[in-house]
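Notes follow the structure.
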Amino acid sequence: MALKDYFYFTKDERRGVTALLVVIFLLFGVRVFIVGDSPKYKPYTKRTEKDVMVELNSADTLQLQELRGIGPGFARRIVKYREKLGGYYAKEQLMEVYGFTDSLYKQVSPHVTVDASKIQKLNINELGIAELKRHPYISFFEAKAIVEYRNSLKSGRIESLDELAKLPDLKENWEVIRIYIKVE
């Protein structure tokens with residue numbers, strides 16, 4: 001049996017194949033030309049950011065990715081740094097996230113808000129040096145100064161944050177540290 005014998009169609013079979021091809025092309029043509037929906041290519045729609053506003057202290061990675069220039073990697077870094085801080089108090093803190101550039105900040109900042117009331121503060125009457133120094137703004141020496149001062153008190157408890165403002169080891173960074181600590 002020759003190869004051409006496999007491709008030989010009777011007259012009725014050729015008509016059936018031709019009719020089938022015509023129907024396929026008609027359906028495809030209707031879809032592309034009349035409906036305007038190509039099966040392979042979708043028209044590019046530019047994403048508008050005018051409506052997008054993201055609150056940094058409550059947004060998850062998917063909400064952060066709605067911002068132009070923020071992909072999955074940046075979104076994870078922003079959330080990870082937020083968890084390390086306990087929350088953002090200003091949108092300028094985005095510049096502290098690894099890889100964040102000035103141009104990206106200028107692009108993103110109009111679409112970002114910060115609710116500082118959502119910051120999770122550290123209770124300095126309960127934490128030791130190791131826990132306090134994990135915070136990005138509190139160094140080992142500042143954590144040690146807080147714990148030593150607390151231990152030197154008769155009650156062993158700090159009653160007010162104003163007491164800590166007088167410590168010489170905290171003077172340089174006090175305004176930032178104050179945002180992230182509490183006394184209970």
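Can you give the accessible area per residue of the chain, in Å², using a 1.4 Å probe? Using a 1.4 Å probe on heavy atoms only, each residue of the chain averages 69 Å². Taking Cα atoms only, the orientation of helix 140-152 departs from the longest principal axis of the chain by about 40 degrees. Anything over 26 Å Cα to Cα? Flag those among K91/K121; K106/K171; K106/K182; K80/K166; K118/K154; K80/K121, in the order listed. The pairs that break the limit, which is 26 Å between Cα atoms, are K106/K171; K106/K182; K80/K166; K118/K154.
Between K144 and T113, the C-beta separation translates, for a Förster distance of 45 Å, into a calculated FRET efficiency of about 0.80.
Between the Cα long axis of helix 11-29 and the first principal axis of the chain there is an angle of about 40°, rounded to the nearest 10.
Excluding I119 itself, calculate the net charge of residues whose Cβ lies under 10 Å from the Cβ of I119, where each Lys or Arg counts +1 and each Asp or Glu counts -1.
Numbers: positive: R82, K118, K121, K182; negative: D115.
Local charge sum for I119: +3.
Given the choices (1) 50, 39, 30; (2) 107, 43, 27; (3) 54, 30, 27, Cα extents along the principal axes in Å derived from the coordinates of this structure is entry (2).
Per-residue packing, averaged as other Cβ atoms within 10 Å, sorts the ranges 166-174, 15-23 into the order 166-174, 15-23, beginning with the highest.
Here the extension length gained between I179 and L161 equals 5.4 nm, from 0.36 nm per residue of separation less the Cα-Cα distance. Here segment 49-95 has 50 percent of its accessible surface on carbon and sulfur atoms, given a 1.4 Å probe and all protein chains in place.
Taking K144 as the anchor, which aspartates and glutamates have their alpha carbon closer than 16 Å to its alpha carbon, excluding any fewer than eight residues away along the same chain? Partners within reach: E126, E131, E163, D169, E172.
The values are calculated or read from the model by the stated rules, or taken from the named source; none is laboratory data. As the structure is a computational prediction, the values presented were derived from the model and not from experiment. Glycine gets a Cβ as well: all are built from the backbone with ideal geometry, and neighbour counts include every protein chain shown. We work out accessible area using only protein heavy atoms, side chains counted, and drop any ligands, DNA or RNA first. Shrake-Rupley method; radii C 1.70, N 1.55, O 1.52, S 1.80 Å.
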